[in-house]
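Below is one structure, written out as structure tokens; the observations come after it.
The values are calculated or read from the model by the stated rules, or taken from the named source; none is laboratory data. Only a predicted model underlies this, so the values are computations on that prediction, with no experimental measurement involved. All Cβ positions, even for glycine, are placed from backbone atoms using ideal geometry, and neighbour counts span all protein chains on display.
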Amino acid sequence: MTKYFLSLPHDSAEEPTMENMDPAELQEVIAAVGAFNTALVEAGAFVTAGGLQPPSSATTVDYSGDSPVLTPGPFAEAAEYLGGFWIIEAENDDVAIEWTKQASKALRSKIEVRALQEEPAA
């Protein structure tokens, strides 16, 4: 089975969080995502998932030199940023896309899906 990364892009200008959502809409989305996660678990496709804090809360660590350099904020400025994710297992791209459609519907947002790289054969 291939692992797939389903990512939730957000607009950088807004940095939306659950605290900024209308409470009634938030409860609907939480219920829909809960049902989606349950379906993933029941199908044996769920690996992990999570929501991320906005980029302004990030620290970038660069230890490519002699000592680590810590920089507050995201690594790069971007029009969009990663707001949350799932990692799922699916038999093929078509199955992963079907799961992604359900995630998009549950979150009422666009979702990107990509297969994770596999270790090359020796």
(message) Go through region 109-122 and report how many residues are over 14 Å from the mean Cα position of the chain (by Cα) and either outside any loop (DSSP other than H, G, I, E, B) or in contact (Cβ under 8 Å) with a residue 40 or more places away in the chain (or both).
(response) 1
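Listed here are the residues, each with its yes/no results for (1) aromatic (F, W, Y); (2) touching a residue at least 24 places away in the same chain (Cβ under 8 Å); (3) closer than 30 Å to E98 by Cα; (4) surrounded by 12 or more Cβ atoms within 10 Å (Cβ to Cβ).
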position: F5; (1), (2), (3), (4): yes, yes, yes, yes
position: A24; (1), (2), (3), (4): no, no, yes, no
position: I30; (1), (2), (3), (4): no, no, yes, yes
position: F36; (1), (2), (3), (4): yes, yes, yes, yes
position: A49; (1), (2), (3), (4): no, yes, yes, yes
position: P54; (1), (2), (3), (4): no, yes, yes, yes
position: V69; (1), (2), (3), (4): no, no, no, no
position: E80; (1), (2), (3), (4): no, yes, yes, yes
(request) Filter region 65-97 down to residues that are among the acidic types (D, E) and within 16 Å of the chain's Cα centre (by Cα) and give me whichever is modelled with the lowest pLDDT. (result) E80
